[in-house]
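In what follows, a structure is listed as structure tokens, so that the remarks can point back to it.
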Amino acid sequence: MSTVNRQWLLKRRPAGHLNEGDFEYREAPIPSDDLKPGEILVRNVGFLCAPTMRNWMDPPSKSLYPSIPLGQPIMAPGVARVTASQADGIKAGDRVLGLSSWQDYAVLSGGGLRRPTLIPDGIDFLEGIGRYGLNPMTAYFGLLDVGAAVSGETLVVSGAAGSTGSTAAQIGKIKGMKVIGIAGGKSKCAWLTNECGIDAAIDYKSEDVAARIAQLCPAGIDVFYDNVGGEILQAAIDNMAPKGRIVLCGQIASYDTAETAEGLRNMMRLIYGSIRMQGFLCGNYADRFNEAVNNLKAWTAAGKINYREDLRTGFENLPKSFSALFDGSNAGTLLVQIDDSAKETR
Ligand SMILES: NC(=O)c1ccc[n+]([C@@H]2O[C@H](COP(=O)([O-])OP(=O)(O)OC[C@H]3O[C@@H](n4cnc5c(N)ncnc54)[C@H](OP(=O)(O)O)[C@@H]3O)[C@@H](O)[C@H]2O)c1
């Protein structure tokens with residue numbers, strides 16, 4: 001058993017694009033199991049590379065999200081084995097999904113959105129953070145609850161070939177919608193139409209997104225599921241149908257840059273069209289995670305969800321692996337496994 005706690009710390013705040021020098025590797029003692037009420041000590045098994053972690057590396061802002069203090073481990077959604085617990089409902093030996101950090105051992109605490117949840121038996125650690133993890137659950141609640149998706153409507157998804165987007169697009173098909181995805185590059189677009197079975201894909205790197213949306217959605221967009229923001233969100237706003245819903249899931253176009261996103265235009269269309277635009281966090285639905293997992297499992301068993309995972313290994317590679325999210329080189333849900341127990345199911 002290891003006697004050191006490997007850590008990746010935030011050394012400095014990124015100036016624009018992420019840089020290797022923004023991170024510092026350190027070996028620290030394993031934290032004590034002398035815990036305060038509500039805390040648990042965990043051995044991390046794997047991490048989800050979540051794009052919003054890049055926002056957490058910025059200074060504190062008015063945006064409601066947390067800011068990682070300089071010199072502290074990088075906060076990250078993770079799956080872990082509990083080694084000691086002072087939290088109600090969680091005991092040593094349990095497997096949890098929660099907001100952890102880039103280190104072998106971490107003390108997790110907190111209620112609300114930061115509350116760790118148990119991984120159901122029968123699902124291994126990687127499935128708990130990947131196939132049935134935060135991104136597919138985000139897509140599930142975002143499309144069905146926030147987007148109030150209805151059969152026969154037209155759904156457009158940005159970031160459609162990614163982890164969250166590809167699930168949202170395929171749930172749209174399961175619910176009987178016409179689905180159009182927006183993604184970067186011919187190969188991602190071909191995967192969406194050929195393998196995921198959506199109706200059409202727009203390559204934002206080589207096509208005029210607004211013109212293609214207008215062509216493919218002559219009666220307008222009923223639900224726009226947005227992972228990107230910026231000019232892609234603007235193109236959707238300009239093409240929304242009356243009574244449409246815009247699901248603000250993410251704004252990845254503005255995460256890994258020092259530039260401030262431009263303001264949105266044509267907002268009167270939302271007023272005259274009675275169009276709803278709403279942000280949300282997956283964690284808002286923690287009480288319903290089991291419902292999402294059960295539905296995702298059933299759709300997977302029926303061959304209705306094409307899931308793509310980009311699994312990387314090696315604690316030492318965490319910063320490099322994470323940066324793949326921002327140049328589009330990740331092929332599906334980007335996970336980093338740091339422990340051999342990742343396939344354990346209970
Ligand atoms: N609200 C929530 O609770 C919640 C939860 C999970 C995720 N999210 C959000 O969902 C979005 C997707 O996250 P994910 O984890 O599923 O990642 P992902 O989509 O699997 O990977 C990120 C993808 O974003 C695209 N991208 C990167 N930079 C871009 C840019 N400047 N313009 C357009 N596209 C860009 C790239 O795809 P291309 O090759 O197609 O460009 C990249 O592969 C993020 O915005 C994230 O913050 C929100």
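Taken together, the values in this text are just the output of simple stated rules run on the coordinates, not laboratory data. Owing to the predicted nature of the structure, the values given are computational and were not obtained by experimental measurement. Quick reminder, even Gly has a Cβ in these numbers, built from the backbone with ideal geometry, and neighbours come from all protein chains shown.
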message: Of all beta bridges DSSP finds with both residues in the chain, what is the antiparallel percent, to the nearest 5?
response: 55 percent
query: Where the centre of each part is set by its Cα atoms, how far does segment 191-235 sit from segment 293-346, in angstrom?
result: 25 Å
task: Might you report the magnitude of the Cβ-based charge dipole of segment 138-283 about its Cα centre, with Lys and Arg at +1 and Asp and Glu at -1, to the nearest 20 debye?
output: 360 debye
query: Points 7 angstrom from Cα along the Cβ direction at ASP327 and ASP238: gap in nanometres?
result: 3.1 nm
- line: Under the rule rounded for a/c under 1.5, else prolate if a/b exceeds b/c, else oblate, using alpha carbon gyration tensor axes a ≥ b ≥ c, segment 138-283 is classed as rounded
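Quick one: if the Förster radius is 45 Å, what FRET efficiency do SER151 and LYS320 give, using the C-beta to C-beta distance and rounding to 0.05?
Working: r = 43 Å, r/R0 = 0.95.
Result of the calculation: an efficiency of 0.55.
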- request: Could you tell me the distance between the Cα centroids of segment 79-148 and segment 1-30, to the nearest Å?
  value: 23 Å
Dipole of the chain, positive direction: furthest Cα of MET137, PHE315, ILE30, with charges on the beta-carbon: MET137
query: Near the amide H of ILE202, under 5 Å away, which other amide H atoms are found, from residues 5 or more places off or on another chain, if H is placed in the peptide plane?
result: GLY181, ILE182, ALA183
Mean ellipticity per residue at 222 nm, deg cm²/dmol - from DSSP H runs of n ≥ 4 across the chain, formula -39500 (n - 2.57): -5500 deg cm²/dmol
task: Could you pull out the pairs from LYS178/LYS304; LYS175/LYS297; LYS11/LYS62; LYS11/LYS320; LYS36/LYS91; LYS173/LYS304 whose alpha carbons sit more than 18 Å apart here?
output: LYS11/LYS62
message: Can you compute 3J(HN,Hα) from phi for each residue in segment 150-158, using the Karplus curve 6.51 cos²θ - 1.76 cosθ + 1.60 with θ = phi - 60°, rounded to whole Hz and x for Gly and Pro?
response: 10, 3, x, 7, 9, 10, 10, 10, 9
- prompt: So which lysines pass the test for LYS186, namely a Cα distance under 18 Å, with those fewer than 8 places away in the same chain ruled out?
  reply: LYS205
query: Going by the alpha-carbon gyration tensor, a ≥ b ≥ c the square roots of its eigenvalues, is the chain rounded (a/c under 1.5) or, if a/c is not under 1.5, prolate (a/b greater than b/c) versus oblate?
result: prolate
- request: Convert each backbone phi in segment 217-223 into a coupling constant with the Karplus relation 6.51 cos²θ - 1.76 cosθ + 1.60 (shift: θ = phi - 60°), then list the ³J(HN,Hα) values in order as whole Hz, x for Gly and Pro.
  value: 10, x, 9, x, 8, 7, 10
statement: Once amide hydrogens are built 1.01 Å from N within the peptide plane, the residues lying 5 or more places from HIS17 or on another chain with amide H under 5 Å from its amide H are ALA258
task: Give me the distance in nm between label points sitting 7 Å out from Cα along the Cα-to-Cβ direction at GLN86 and SER67, one decimal.
output: 3.0 nm
- request: Take ALA298, project a point 7 Å from its Cα along the Cβ direction, then tell me which residues of segment 140-175 have their backbone nitrogen under 20 Å from it.
  value: 140-152, 167-175
- request: Starting from the amide H of GLY46, placed 1.01 Å from N in the peptide plane, find each other amide H under 5 Å away whose residue is 5 or more places distant or on another chain.
  value: VAL79, ILE338
- prompt: Using θ = phi - 60° and the Karplus form 6.51 cos²θ - 1.76 cosθ + 1.60, what ³J(HN,Hα) does each residue of segment 17-32 get, whole Hz, x for Gly and Pro?
  reply: 4, 4, 9, 3, x, 6, 10, 9, 8, 8, 10, 10, x, 5, x, 5
Rounded tilt (10° steps) of 289-301 against the dominant C-alpha axis of the chain: 70 degrees
task: Let me know the charge dipole size of the chain about its Cα centre in debye, to the nearest 20, where only the beta-carbon of Lys, Arg (+1) and Asp, Glu (-1) is charged.
output: 500 debye
